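The values are calculated or read from the model by the stated rules, or taken from the named source; none is laboratory data. What you are looking at is a predicted structure, and each value in this text was computed from that prediction instead of being measured. Positions of Cβ are generated from backbone atoms using ideal geometry, with glycine treated the same way; all protein chains shown enter the neighbour counts. Quick note on the areas: whole protein, heavy atoms, side chains included, nothing else; ligands and nucleic acids left out. Shrake-Rupley method; radii C 1.70, N 1.55, O 1.52, S 1.80 Å.
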Amino acid sequence: MGSTRRELMKSAAVVAVIAHVPGLRAFERHSGMEATSDAVTGSGRDVFQTLPLGEVRPQGWLLRQMRIQADGLSGHLDEFWPDVGSNSAWRGGTGEKGERGPYFLDGLLPLAYQLDDDRLKAKVKPFLEWVLTHQAPNGMIGPANDDWWPRMVAVKVLVQHFEVTGDPRVLPLLTRYFHYQLTEMPNRPLKTWGKY
């Protein structure tokens, strides 16, 4: 009975996470499968639906402001701040392995795709490729550290990446990661930023 209940709880947790992932509509769009059912979305209709990245394109003032970001600090931070540069642990290097890489991507990836800027997309790619190709056998993602928080930001970035590309590696990677998180969190509960 215990293992059956445990499996039910794991499945319920995965469904709960999937139901709140903003990229669910992108999953439907890229996979051809409908992910909305009463089991996932509940019986009510979402009034405030999150729009997938790229669904709305900037124009006018907003487009100019985003271009200023791309040509300024956001688009060049990795060129002079080592924590998000080529030695970042989030790119497989030996540098900073906390939240700075994921936060950098959380701003850069949407900017790159909203502007359809190949230079910025090229800056995002080494981070994403490393995360997508270096998942630990147990499901852990990212560089080795004991903090859940950077991975929460990285998961958001991976969802955004999936929304705009439909990359088929993202959903299996996240599924393995969430199973790992579900198993490990009782031993390593959320703390500091992750808790809040």
Cβ-based net charge around Pro137, under 14 Å, with every Lys or Arg adding one and every Asp or Glu removing one: 0
Full-extension gain in nm, Lys125 to Thr175, via 0.36 nm per residue minus C-alpha separation: 15.9 nm
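Quick one: accessible area per residue over segment 57-196, 1.4 Å probe, rounded to a whole number of Å²? Write out the running numbers ahead of the final one.
Numbers: 7230 Å² over 140 residues.
For segment 57-196, the solvent-accessible area averages 52 Å² per residue.
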Residue-by-residue Karplus 3J(HN,Hα) for segment 110-119, coefficients 6.51, -1.76, 1.60, Hz, glycine and proline x: x, 4, 4, 7, 5, 8, 6, 9, 5, 4
Net charge contributed by nearby residues that have their C-beta within less than 14 Å of Asp146 (K/R +1, D/E -1): +2
Cα centroid of segment 54-94 to Cα centroid of segment 173-196, whole Å: 28 Å
Protein accessible area in segment 54-183, 1.4 Å probe - carbon and sulfur %: 58 percent
Probe 1.4 Å - accessible area at Trp90, Å² to nearest ten: 10 Å²
Per-residue ³J(HN,Hα) for segment 79-92, Karplus 6.51 cos²θ - 1.76 cosθ + 1.60, θ = phi - 60°, Hz, x for Gly and Pro: 7, 9, 10, x, 4, 10, x, 5, 9, 4, 4, 6, 10, x
